[in-house]
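See structure below.
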């Protein structure tokens, strides 16, 4: 009984022009690949489109294939990159995509800035900062915003607000102290 060729052998045959090898690769991998894409994007119509794109990318990249990694790793890597491109085009971020090559499940995390918990923490911090600035007395808020938003020096703030430099410095110091205190209090709870 002849030994069944591996996916890697089939891909190498397809690379050399064997269309039957591609048909067998497709038959073996289509269901798992489609389920992977569908679970990642949650839309059958989008999954079908991305599924076709992945196979087209594989066809176009067949001459670059090297059997250094398993075929499924290669195929699902193409799928993962296509999903990431899809999410970027849709204006969404990807926190992670699990890749299952039949032997390993690899979880590849997005950069920390794109992690939902980091984004939630940053939103909470920003919200606390806005509230702290809004809670400042008007004269302190004014000098703080002139410093932070306009980038003015203490002397320039004094000229804009029509007070002396010591008064501007004092207002800014009190504003910063109140903001720090409010941030510490808000973020500890």
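Overview of results
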quantity: Cβ pairs under 8 Å, 6+ apart, first in the range 126-143 and farther than 16 Å from residue 185 by Cβ, second at pLDDT below 80 and part of a loop (DSSP other than H, G, I, E, B); calculated: none
quantity: The one condition in (1) modelled with pLDDT under 95; (2) under 22 Å from residue 89 (Cα atoms) that residue 30 fails to fulfil; calculated: (2)
quantity: Residue match in the range 41-48 (condition: surrounded by 16 or more Cβ atoms within 10 Å (Cβ to Cβ), under 20 Å from residue 8 (Cα atoms), in contact (Cβ under 8 Å) with a residue 24 or more places away in the chain and out of contact with any strand residue (DSSP E or B) (no Cβ under 6 Å at 6 or more places or on another chain)); calculated: no
quantity: Answer from 15, 35 - the residue that is within 31 Å of the chain's Cα centre (by Cα), modelled with pLDDT under 95 and either within 14 Å of residue 72 (Cβ to Cβ) or surrounded by 14 or more Cβ atoms within 10 Å (Cβ to Cβ) (or both); calculated: 35
quantity: Of all residues in the range 62-75 being assigned to a helix (DSSP H, G or I) and in contact (Cβ under 8 Å) with a residue 12 or more places away in the chain, the one that is surrounded by the fewest Cβ atoms within 10 Å (Cβ to Cβ); calculated: 63
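Residue by residue, here is whether (1) assigned to a helix (DSSP H, G or I); (2) at pLDDT 80 or above holds:
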{"position": "53", "(1), (2)": "yes, yes"}
{"position": "60", "(1), (2)": "yes, yes"}
{"position": "77", "(1), (2)": "yes, yes"}
{"position": "87", "(1), (2)": "yes, yes"}
{"position": "92", "(1), (2)": "no, no"}
{"position": "106", "(1), (2)": "no, no"}
{"position": "118", "(1), (2)": "yes, no"}
{"position": "143", "(1), (2)": "yes, yes"}
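The values are calculated or read from the model by the stated rules, or taken from the named source; none is laboratory data. In this text the structure is predicted, and so the values were computed from the model without any measurement. All Cβ positions, even for glycine, are placed from backbone atoms using ideal geometry, and neighbour counts span all protein chains on display.
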